[in-house]
Amino acid sequence: MIVAFSTSSPLTSVALIDPNGQVLASRSRLAPQAASSACIALLDECLAVSAKTLEEATLFVADIGPGSFTGTRVGVVMAKTLALDRGCLCAGATSFDLIDPFDDAFVPSKKGEWLLREPGLEPVRVTITPPSFVKGYLRESVPPDYPQAAGFATILDRLVPTQPEALMPYYFNEPSISKPNKPYRQVGGSG
């Protein structure tokens, strides 16, 4: 059984998938800034409805982004931690592939910018709102297409299992932190 997490967007989702790509259980919840607690609750729900246990897991997968900096890390850390605990491998897929692996997809970047990905190409930053026929989220008056953990069922053949410690988030943008104008004052001893 494959345990999948998607936490790169405001929608947190968890899915249990059999090795043939059948979704055994899937749950999602809007949980901006609360992905970690939502993941645990959704995983418990999926296990309960499917009558499965974590002992049956053979692979843990996560949405590696791009997306929310902290949100993406939650899903990746969840997959890595459970894989390490269970002695299993991990894999990841981009939020673009979980929105639509076969067509153009976009995710928000910075204010007034989006990352647009055409299949087979690297994402590019755009400053114009993607047209309504392109799948993605944070569009005015159009229902959002969030990445969802159940989307892993359609791309199982693309996953490359790896050791848990090798699974890393995909950050398209540099972190939005700044260096202090003045260096911090040294406190303490002479060294």
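The values are calculated or read from the model by the stated rules, or taken from the named source; none is laboratory data. Just so it is clear, the structure is predicted and the values come from calculations on it, not from any experiment. Every residue, glycine as well, gets a Cβ built from its backbone with ideal geometry; the counts of neighbours run over all protein chains shown. Heads up: the accessible areas ignore ligands, DNA and RNA and are worked out on the full protein's heavy atoms, side chains in. Shrake-Rupley method; radii C 1.70, N 1.55, O 1.52, S 1.80 Å.
Things to note:
- Over 29 Å between alpha carbons, listed pairs Lys111/Lys135; Lys80/Lys111; Lys110/Lys135: Lys80/Lys111
- Amide H contacts under 5 Å for Cys88, placed H, 5+ residues apart: none
- Solvent-accessible area, 1.4 Å probe, carbon plus sulfur percent, for the chain: 55 percent
- Full extension of the segment from Val160 to Glu113, taken as 0.36 nm per residue of separation minus the current Cα-Cα distance, would add 13.9 nm.
- Fully extending the segment from Ala51 to Ala34, taken as 0.36 nm per residue of separation minus the present Cα-Cα distance, adds 3.5 nm.
- For region 3-10, Karplus couplings with θ = phi - 60° (6.51, -1.76, 1.60), whole Hz, Gly/Pro x: 10, 10, 10, 9, 9, 7, 10, x
- Longest stretch of the chain clear of exposed loop sites (GluC sites (Glu not before Pro), DSSP loop, at most 14 other Cβ atoms within 10 Å, sites excluded): 1-112.
- For the chain, the square roots a ≥ b ≥ c of the C-alpha gyration tensor eigenvalues yield an a/c of 1.5 or more together with a/b not exceeding b/c, which makes the shape oblate.
- Sequence of Asp44, Asp100 when ordered by accessible area, the most exposed leading, probe 1.4 angstrom: Asp44, Asp100
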